[in-house]
Amino acid sequence: MIRPTGSHSRTLSEVAEFFGLKFESNIGSTKITGICSNSRSIEPGDLFLALPGESRHGIDFLEEAISNGAAAVLTDEIGSAVSKNRIATLSLVKQADISIPLCDWFFGNPLENLSLCYRDWE
């Protein structure tokens with residue numbers, strides 16, 4: 001897992017607004033300090049992306065994510081049924097290719113500040 005350096009923080013309501021999602025007002029102020037889809041790499045304050053995978057659903061790893069300090073989970077309708085009463089939850093209907101735009105927005109568009117150096121290796 002690669003994490004940008006520096007301090008990053010958004011509220012769960014800001015994440016919901018990014019996706020155009022409705023959320024319960026009691027979870028909107030939940031502070032999110034990172035994003036991670038691997039329950040073993042969750043750090044306190046992370047938003048756990050628990051989405052369907054090739055062989056398992058990310059929600060199968062909810063307990064480990066909570067144990068490691070996940071502040072909230074972003075999942076689909078299947079995952080939401082499991083997580084809703086356990087942790088602050090946002091539920092997506094469409095979840096294809098969400099991680100790149102979400103991380104780009106959350107971490108302040110880091111690619112805009114990236115300088116690449118090209119050298120011709122003959």
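Summary of values
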{"quantity": "GLU77/GLU54 FRET efficiency (R0 22 Å; Cβ-Cβ; nearest 0.05)", "calculated": "0.70"}
{"quantity": "Qualifying trypsin sites (Lys or Arg not before Pro) for segment 18-85 [loop in DSSP, other Cβ within 10 Å: at most 11]", "calculated": "LYS22, ARG56"}
{"quantity": "Net charge of Cβ neighbours under 12 Å - reference SER29; Lys, Arg +1; Asp, Glu -1", "calculated": "0"}
{"quantity": "Unit charges at the beta carbon, dipole of segment 1-107: most positive-side option, SER7, GLY58, PHE106", "calculated": "SER7"}
{"quantity": "Sparsely packed GluC sites (Glu not before Pro) within segment 1-108, loop by DSSP, other Cβ within 10 Å at most 13", "calculated": "GLU24, GLU54"}
{"quantity": "Surrounding net charge for ILE98, when Lys and Arg each add one and Asp and Glu each subtract one, Cβ distance under 12 Å", "calculated": "-2"}
{"quantity": "For segment 28-107: rounded, prolate or oblate by the Cα gyration tensor [a/c cutoff 1.5]", "calculated": "rounded"}
{"quantity": "Positive minus negative residues near GLU77 (Lys, Arg vs Asp, Glu; Cβ under 14 Å)", "calculated": "+2"}
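Every read-out reported here was derived from the displayed coordinates using simple, explicitly stated rules and does not represent laboratory data. Quick caveat: nothing in here was measured; it's all calculated off a predicted structure. Backbone-built Cβ (ideal geometry, glycine too); neighbour counts: all protein chains shown.
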